[in-house]
Amino acid sequence: MKETRSTCPYCGVGCGVIIESQGDQITGVRGDPDHPANFGRLCTKGSTLHLTATAEVTRQTRLLQPMQRAQRGAAPQATTWDSALDTAADKFAQVIRDHGPDAVGFYVSGQLLTEDYYVFNKLAKGLVGTNNIDTNSRLCMSSAVAGYKKTLGADSPPACYDDFKDAQCLFIVGSNTAWAHPILFRRIEDAKRANPAMKIIVADPRRTDTAEIADLFLPIQPGTDVMLFHGMLHLMLWEGWTRPDYIAAHTSGFDALKSTVRDCTPDKVAQVCGIDKADLLEAARLFATAAATLS
């Protein structure tokens with residue numbers, strides 16, 4: 001039996017796996033105890049990863065070569081790669097000739113590299129002449145990218161998994177981590193057990209499984225998260241829970257931000273978000289006064 005170290009391809013936690021194989025067949029997958037993301041733990045999807053590589057799946061339900069139907073409804077027949085590519089290109093070009101470039105569009109995977117996106121954009125906008133191109137990466141993470149670049153200068157969250165063990169306050173917004181990233185949630189549970197004084201705030205319109213670990217749950221109305229953040233900053237400024245010297249040395253535009261949140265009073269924010277004013281104040285206090293806050 002051969003063992004190969006790799007990474008689980010499912011969610012973004014990046015758990016390390018050890019793949020067991022015999023010949024060209026994967027026979028099992030287990031967590032890598034030396035991997036810093038999961039230390040050997042795997043969720044249900046990761047622990048059954050090898051089942052997607054069984055012979056029944058790979059040899060019967062997955063295409064191993066191009067297939068083409070001679071006409072709609074007919075049984076697909078095997079064809080060569082050259083023939084398949086020529087057919088696809090001819091049909092695509094025919095649609096453009098008959099109906100114009102805006103009759104076609106591209107929806108591109110979120111797993112391509114920057115160079116691949118560049119080529120697809122050249123194909124769509126430069127060659128075909130259509131603006132109808134979009135990607136999952138833009139639709140999925142565009143707001144986060146814009147926020148990170150505008151506030152931090154780079155599209156990179158400035159945190160790592162090890163920060164959990166040092167956090168005194170953990171602020172989770174709109175993420176059902178218990179379901180979406182279960183191995184990461186195990187690390188949150190470990191950190192809470194090791195440091196019972198750590199406070200966890202969860203803000204989410206839904207009462208998810210993640211909310212069960214929260215010391216403070218904020219069931220805000222959908223779409224009011226920005227108002228919640230503005231209200232928390234309003235309180236931090238009012239109570240003197242900010243560090244003006246640090247802000248002056250390391251940020252720009254803070255006066256404009258202060259002006260933006262001036263009208264986000266506790267009464268207004270509590271009403272818009274649909275939460276208790278006391279919970280809003282407690283969230284701001286925990287976030288601002290903890291020795292180390294991670295969001």
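The values are calculated or read from the model by the stated rules, or taken from the named source; none is laboratory data. It should be emphasised that the depicted structure is a prediction, and the values quoted were computed from it without experimental measurement. Here the Cβ is made from the backbone with ideal geometry for all residues, glycine too, and neighbour counts use every protein chain on show. Note: accessible area is taken over every heavy atom of the protein model, side chains too, but ligands, DNA and RNA are not part of it. Shrake-Rupley method; radii C 1.70, N 1.55, O 1.52, S 1.80 Å.
How much of the DSSP bridge set in the chain is antiparallel, in percent, rounded to the nearest 5? Roughly 50 percent of the DSSP beta bridges within the chain come out antiparallel.
The angle between the Cα long axis of helix 136-152 and the longest principal axis of the Cα atoms of the chain comes to about 30 degrees, rounded to the nearest 10.
From the Cα gyration tensor of the range 226-295, with a ≥ b ≥ c the square roots of its eigenvalues, which class applies: rounded if a/c is under 1.5, or else prolate if a/b is larger than b/c, or else oblate?
Since a/c reaches 1.5 but b/c is at least a/b, the shape of the range 226-295 is classed as oblate.
Dipole size of the chain about its Cα centre, with +1 on Lys/Arg Cβ and -1 on Asp/Glu Cβ: approximately 300 debye, rounded to the nearest 20. Taking 0.36 nm per residue of separation and subtracting the current Cα-Cα distance, fully stretching the chain between SER259 and TYR107 would add 50.7 nm. Fraction of C-alpha pairs exceeding 17 angstrom in the range 175-229: 40 percent, rounded to a whole number.
ILE133 exposes around 30 Å² of accessible area when a 1.4 Å probe is run over every protein chain in place. Each Cα pair under 8 Å and six or more residues apart adds its separation to the average, and for the range 167-243 the resulting relative contact order is 28 percent.
When you filter the trypsin sites (Lys or Arg not before Pro) in the range 38-92 for DSSP loop state and at most 12 other Cβ atoms inside 10 Å of their Cβ, you are left with ARG62, ARG69, ARG72. Only one residue of THR52, GLY100, GLY14 has its Cα farthest out toward the positive end of the dipole of the range 1-105, where Lys and Arg carry +1 and Asp and Glu -1 on Cβ, and that residue is THR52. Between 0 and 90 degrees, the angle of helix 225-239 with respect to the longest Cα principal axis of the chain falls at about 30 degrees.
Diffusion of the range 16-136 by Stokes-Einstein, at 4 °C in a medium of 1.567 mPa s and with Rh set to the Kirkwood radius over alpha-carbon pairs, works out to 70 µm²/s.
Measuring r between the beta carbons of THR44 and ALA194 and using R0 = 25 Å, the FRET efficiency lands at 0.50.
Quick one: compute the contact order of the chain, relative version, from alpha carbon pairs under 8 angstrom and 6+ residues apart, as a percent. Please report the intermediate quantities before stating the final value.
Numbers: 377 pairs, mean separation 34.5, N = 295.
The value is 12 percent.
In the assembled protein chains, THR44 presents an accessible area of approximately 110 Å² (probe radius 1.4 Å). Look at where the Cα atoms of the range 245-295 and of the range 94-134 average out, and the two centres are 43 Å apart. Heavy-atom accessible area with a 1.4 Å probe sorts MET1, MET67, largest first, into MET1, MET67.
For ASP209, the solvent-accessible surface computed with a 1.4 Å probe is close to 80 Å², ligands and nucleic acids excluded. For GLU3 and SER175, the FRET efficiency from 1/(1 + (r/R0)^6), where r spans their Cβ atoms and R0 equals 51 Å, is about 0.95.
Distances over 21 Å make up what percent of all Cα-Cα pairs in the range 68-157?
Working: 2097 of 4005 pairs.
I get 52 percent for the Cα pairs in the range 68-157 exceeding 21 Å.
Computed from label points 7 Å out along Cα-Cβ, the spacing between ARG62 and GLN221 is 4.8 nm.
Give the lysines whose C-alpha is closer than 20 Å to that of LYS192, dropping any in the same chain fewer than 8 places away, or say none. Correct list for LYS192: LYS165. Ordering ALA89, GLY28, ALA214 by the projection of their Cα atoms onto the charge dipole of the chain, which places +1 on the Cβ of Lys and Arg and -1 on the Cβ of Asp and Glu, puts ALA89 at the extreme positive end.
The alpha carbons of the chain occupy a box of 72, 55, 37 Å along the principal axes, longest dimension given first. Taking the Kirkwood radius as Rh and the Cα radius of gyration as Rg, the range 166-295 has a ratio of Rg/Rh equal to 0.98. Placing a pseudo-label 7 Å from each Cα along the Cα-to-Cβ vector at ASN136 and LYS165 gives an inter-label distance of 3.4 nm. Overall, the anisotropy analysis places the range 87-207 in the prolate class: the square-rooted eigenvalues a ≥ b ≥ c of its C-alpha gyration tensor yield a/c not less than 1.5, with a/b exceeding b/c. Placing LEU152, LEU235 in order of accessible area, with the largest value first and a 1.4 Å probe, yields LEU152, LEU235.
Taking a ≥ b ≥ c as the square roots of the Cα gyration tensor eigenvalues, the range 1-65 comes out prolate, since a/c reaches at least 1.5 and a/b is larger than b/c.
Considering the zone a paramagnetic label at SER143 would reach in this model (a point 7 Å from Cα along the Cα-to-Cβ line), which residues of the range 196-215 have amide N under 17 Å from it? Once the point is set 7 Å along Cα→Cβ of SER143, 203-206 turn out to lie under 17 Å by backbone N, inside the range 196-215. For the residues TRP241, TRP81, a 1.4 Å probe over the protein chains yields an accessible-area ranking, largest first, of TRP81, TRP241.
Note down the relative contact order for the range 168-210 as a percent, whole number, built from C-alpha pairs under 8 angstrom at least six residues apart.
That works out to 63 percent.
The label-point distance for SER156 and THR293, in a model that sets each label 7 Å from Cα toward Cβ, rounds to 2.5 nm. Rounded to the nearest whole angstrom, the semi-axes of the ellipsoid equivalent to the range 200-253, taken from the Cα gyration tensor as √(5λ), stand at 28, 13, 10, largest first.
Counted residue by residue at 0.36 nm each, then reduced by the alpha carbon distance between them, the extension gain from LEU123 to GLN71 reaches 15.9 nm. Counted residue by residue at 0.36 nm each, then reduced by the alpha carbon distance between them, the extension gain from ASP34 to GLN22 reaches 2.0 nm.
Placing unit charges on each Cβ (+1 for Lys and Arg, -1 for Asp and Glu) gives the chain a dipole about its Cα centre, and among MET67, ILE188, ILE275 the Cα reaching farthest toward its positive end belongs to MET67.
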